[in-house]
Amino acid sequence: MIPSEQLISPFPRQASTYRQLLRLLPGPIVRDHGDDMIALFCHHLEDARGSFRAWLNVWFTAVGDIARHGPRLPRRSVGAPGPHRSPRQDLTMNERLRTLLATLWRDASYGVRLLRKDWSFTLAATLILGLAIGANTAVFSFVDTYMLRPLPYPEADHLGLVTRQAEGGGGGGTAHDGRTWEAIRDAHSERFQAAVYSGWGTDANLATGATATTVALQRVGAGYFSTLGVPPVLGRDFTSTEDVPDGAAVAILSHTLWQQIFGGDRAAVGDSVLLRGEPHTIVGIMPKDFRSSASADIWVPLRASTSGEGGGENYAVLLRLGRESTWAEAEAELRAIGLSLNEQLGEERRPFTLSFASLQVGDGGMLRMLLTLLSTAVAMVLLIACVNVSGLLLARGSRRGREIATRMAIGGGRAAIIRQFVVESLVLATVGGLVGLLFARGFLRIIELMGTGVLATWRPVSLDTRVLAGTAMISLATALIFGLAPAFQASGVSIRDALSGEGARGVAAGTRRWRKLLVVAEVGLSVVLLVAAGLLLRTFLHLQGLEPGFDPQGIVSVSVSLQDARYETRESVEQLFTSGMERVRALPGTLSATAALGLPYERLLNMGFRPLDFELEEGTNPITNLMYVSPEYFETLGVPILAGRSIDVSDAHDSAPVAVINEAFAKAYLPDNAVLTHSLAAAGADRQLIGMVGTVKQRGSWGAQAPVDDTPAIYVPVSQIDGEFLKLVHTWFAPAWIVRVAGEPGEAIPDIERALEAVDPLLPLASTRLASELQNDGIALQRFTAILVSALAAVAVVLASLGIYGLVASTVAEKRREIGIRLALGARAAHAVRIAALPSIRLSAVGAVLGVGGALAAGSTLRAMLWGVAPNDPWTYGGVTMGLVAAAAIASLIPAARAARVDPAQTLRVE
Amino acid sequence: MTPTMDRQAALSMLETQVLMVLARDDLHGYGIALEIQRRDPDGPKVYPTNLYRRLHDLADRGLILNAGTELDDKGRARKTFAITDVGREALSAQTQRLAGFVDELRAAEGSSE
């Protein structure tokens, strides 16, 4: 019996743990002396009080003490006569376990001793493993946060998004119009609870006292929060009477905003804030760390309708599956709703099918693709690292031939040798994993810094216990991958050969086959990674090198959110733009100034138009970007006017409605070049085309458009747009003043901002950017991807070259004798080099061919991320293959050349 | 293993210390460890399993024996150990060995000065 530790210990919990460990020792000892042993252990703990290191040391030593001495304690009381028995007979499970633990402990400490002795090997292997495990850990923590970890809502697996698929393919997604939402709402399904929301977070102005700030606003329907399963901590959700056109102006604040404005005062509920120029009553506060689909500071009712915003596909519909229902039932019901809606609408709209996607999947398509790509890339780097370390171990294994043979000769079985090698690999992988954690911290920081602004909702990503467990798994898998081959290899040593001095060669004979495989694998994997990196890099360079379509020199843009009750009429908006432009034009250095709904490289409003006097080709969907502009827009940006005239001050509210199209629009929709003779209906008026301008690069937003593309666009004067339309588009888009200055635009920013702030002190400026920043933002995702994958590919190439170098170097070391003999017999040095280097160059070529095959297979999955380059781009493939084989050749020739300088006499004498 | 076989085997440092402590008085394992640490505060700490392994060995070699049970001040029973005559012999042989060793060390130190 082991006495209860409470009686004797000031450290009850630690004593209890230690007592569990003592169970490993023979029963009689613990029965007679368990008390004393625990007391002694606690005495050491007492001595170590106050120092973490000392505490750790006590535990380490105590565990080591049990593992080392425990197996040697006989199974009887001290001093009692021992029964005579053979050591292997009648071992209990406990004893077997103890013996195994002791053996593993001995193997591990032997391994540690060897690793410490061979420190250059250890350093190289640890660094290689650390880099690869670190990269994997960093990427894994992103994957875990975004893909594996359930969304932070109760029963998140019951949450879904309604999806729409147009019949006959093409056109689908999670965006719906007002009619679809009303059909789902009015079906009052018992299978699920549904809520509508707008997936977009937009900037909005929030005035408190005399200051104004820009906050992120999201509009959600009544019941959104309860559907998510997270009710406000204070106050309540929106009611259905608030969520109708002209409902009460109410808002729900995020915890953070509540703390900022009200300092956490509970009386804030019922108080009001001036949001978008209009007083809103606060009805609720969300819990700390709550996140909706957009990163928002404040929520207001969506007020879904079937016209205006609701006329287009601008809503998302959230589902929560009922407790008693299954997804299949919910899907059947959605299908039925879709079918009856198709019937109702008849010819009005293309028929479609309604279904659902899980919220986690539906939420981040691009992100998912990016993370899958990165995971694959880092996994390849890890494989290459494993191959590398495997190579190092093989080389080391052949050096250890004699040691292994000795062990086997004195009775160590093959299993024991394999066990020793595997334990050593585990030790190595453990150290590698620890180093990897350090690297992972660094990598995470880098990815986070680079990723800011790339993806809309960066959730906090950190190294926590889940990730640590992941790292442990990765390290373990790594150890098995790189450790097993050398272990089996080494244990196949011929004892006689090894001991008779032929050791190195005895091992090497079998090892050579493995080495060949390793070279092929390294080169193959590197080719796949390099091709992916090459394609992504070419995509990025292609997008970056595109002609912008305007003159970016000296351009400054200042965006401002006009979701504001004071700017709901055409007059007030025009007045704001004009006085802003006047103030900026008065600044020295300003060449020209204008205002518009959107900026180059950004996504614009897309909507339908109707041709009035021309025919569209059969099957063409009349969709275009639409942008309102102030006079001098094209002149300020330097967009060439290709036909007709620009929009100017003569295009007033009461003059004939006009529009300017860009070249891409003419190419896509106009049957002839006679632009100026045509007219079309768009943005609430029948408009005469008065000009055609060059195409400015914008973000693609429909069909198969690139991240930055030539998209068809219609430009209309802001003076010819009515207030309702302005109010609607301003809920999605923040317009901007665009200024061209002489000289350095960065220096002009403070003056421009001051001038614009003075126009309306209660209207905060949302962001000020130069043309180069607009371009950077437009292709940020591509840059991010290209840089990360290229960095990984670079690591892969370095590792592969080092690996090839190492393998060839040790092959050469073994062929010294052969080379020496050949040189002694009069062979030329060049011949010797060829013998040494040619086989591995040939192997690299084989690896490259296999790699090209793999890359072709992988290339098709990359297709969605490539622009301006084909997935099987011959230049990329050719360049990568040649480059890698060249690198392999160099890595092979360096050690081979050294072999040729061998002094034949010397080599032969050694043998 | 018979008790007599290993009687002449060399004593480890810890075994020597155990015998030294027991040479003064019978004591239980915990007390032995504390006494060793008191006498040599800078020396290596004595850990339980190692200690009882040595006690086992010493008992098997007949250098110490189980001296019975002692009640401590809290009324708990503790098994105590006592040194045997053979143990005292072994300790004195060890003392001589160590003394010779110390002499050699001193001589080496003296010659290097």
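Residue by residue, here is whether (1) outside any helix (DSSP H, G or I); (2) under 30 Å from A:Ser559 (Cβ atoms); (3) assigned by TED's automatic domain parsing to the domain that holds A:Thr353 holds:
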{"site": "A:Leu131", "(1), (2), (3)": "no, no, no"}
{"site": "A:Val139", "(1), (2), (3)": "no, no, no"}
{"site": "A:Met147", "(1), (2), (3)": "no, no, no"}
{"site": "A:Ile184", "(1), (2), (3)": "no, no, yes"}
{"site": "A:Ser189", "(1), (2), (3)": "yes, no, yes"}
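Residues in the range B:47-78 that are at pLDDT 85 or above, more than 7 Å from every other protein chain (Cβ to nearest Cβ) and part of a loop (DSSP other than H, G, I, E, B): B:Arg61, B:Gly62, B:Leu63.
All of (1) of a type outside the set (Lys, Arg); (2) surrounded by fewer than 17 Cβ atoms within 10 Å (Cβ to Cβ); (3) assigned to a strand (DSSP E or B) hold for A:Ala595 with one exception: (2).
Checked against (1) within 11 Å of chain A (Cβ to nearest Cβ); (2) free of Cβ contacts under 8 Å to residues at least 60 places away in the same chain, B:Thr95 passes all but condition (1). Any residue that is exposed (fewer than 14 other Cβ atoms within 10 Å of the Cβ) and within 7 Å of chain B (Cβ to nearest Cβ) - is there at least one of those in the range A:58-79? Within the range A:58-79 (the criterion being exposed (fewer than 14 other Cβ atoms within 10 Å of the Cβ) and within 7 Å of chain B (Cβ to nearest Cβ)), the answer is yes, since at least one residue qualifies. In summary, A:Asp271 fulfils each of the numbered conditions (1) in contact with a strand residue (DSSP E or B) (Cβ under 6 Å, 6 or more places away or on another chain); (2) surrounded by fewer than 20 Cβ atoms within 10 Å (Cβ to Cβ); (3) under 21 Å from A:Lys727 (Cβ atoms) with the single exception of condition (3). Within the range A:562-588, the set of residues being at pLDDT below 90, surrounded by fewer than 24 Cβ atoms within 10 Å (Cβ to Cβ) and assigned to a loop (DSSP other than H, G, I, E, B) comprises A:Gln563, A:Glu568. Looking across the range A:690-715, just one residue is more than 38 Å from the chain's Cα centre (by Cα) and buried (at least 24 other Cβ atoms within 10 Å of the Cβ), and that is A:Val693. Take the conditions (1) farther than 17 Å from A:Thr202 by Cβ; (2) under 31 Å from the mean Cα position of the chain (by Cα); (3) at pLDDT below 85; A:Ser292 misses just one of them, which is (1).
Considering each residue of the range A:298-305 in turn, at least one proves to be at positive phi and either hydrophobic (A, V, I, L, M, F, W, C) or not assigned by TED's automatic domain parsing to the domain that holds A:Asn625 (or both).
Selection of the range A:799-833 for residues being without any contact (Cβ under 8 Å) to a residue 60 or more places away in the chain and surrounded by fewer than 16 Cβ atoms within 10 Å (Cβ to Cβ) yields A:Glu818, A:Leu825, A:Gly826, A:Arg828, A:His831. Against the definition (free of Cβ contacts under 8 Å to residues at least 12 places away in the same chain, charged (D, E, K, R) and farther than 19 Å from A:Glu182 by Cβ), how does A:Glu324 come out, yes or no? Yes.
Among the residues of the range A:643-675, write down those that are more than 42 Å from the chain's Cα centre (by Cα) and polar (S, T, N, Q). Across the range A:643-675, the qualifying residues are A:Ser646, A:Ser650, A:Ser655, A:Asn673. Regarding B:Gly100, is this residue more than 12 Å from the chain's Cα centre (by Cα) and assigned to a loop (DSSP other than H, G, I, E, B)? Answer is no for this residue. In the range A:111-127, the count of residues that are over 30 Å from A:Ser801 (Cα atoms), surrounded by 14 or more Cβ atoms within 10 Å (Cβ to Cβ) and touching a residue at least 40 places away in the same chain (Cβ under 8 Å) is zero.
Residues in the range A:610-657 that are crowded, with 22+ Cβ neighbours inside 10 Å and part of a strand (DSSP E or B): A:Thr624, A:Asn625, A:Leu626, A:Met627, A:Tyr628, A:Val629.
When the test is whether a residue is within 11 Å of chain B (Cβ to nearest Cβ) and at pLDDT 85 or above, A:Phe52 does not pass it. Restricted to the range B:17-31, and to residues there that are more than 9 Å from chain A (Cβ to nearest Cβ) and surrounded by 19 or more Cβ atoms within 10 Å (Cβ to Cβ), the residue that is nearest to B:Asp73 (Cα to Cα) is B:Leu27.
The values are calculated or read from the model by the stated rules, or taken from the named source; none is laboratory data. Because the structure is predicted, anything quoted here is derived from the model rather than measured. All Cβ positions, glycine included, derive from the backbone under ideal geometry; neighbour counts span all protein chains shown.
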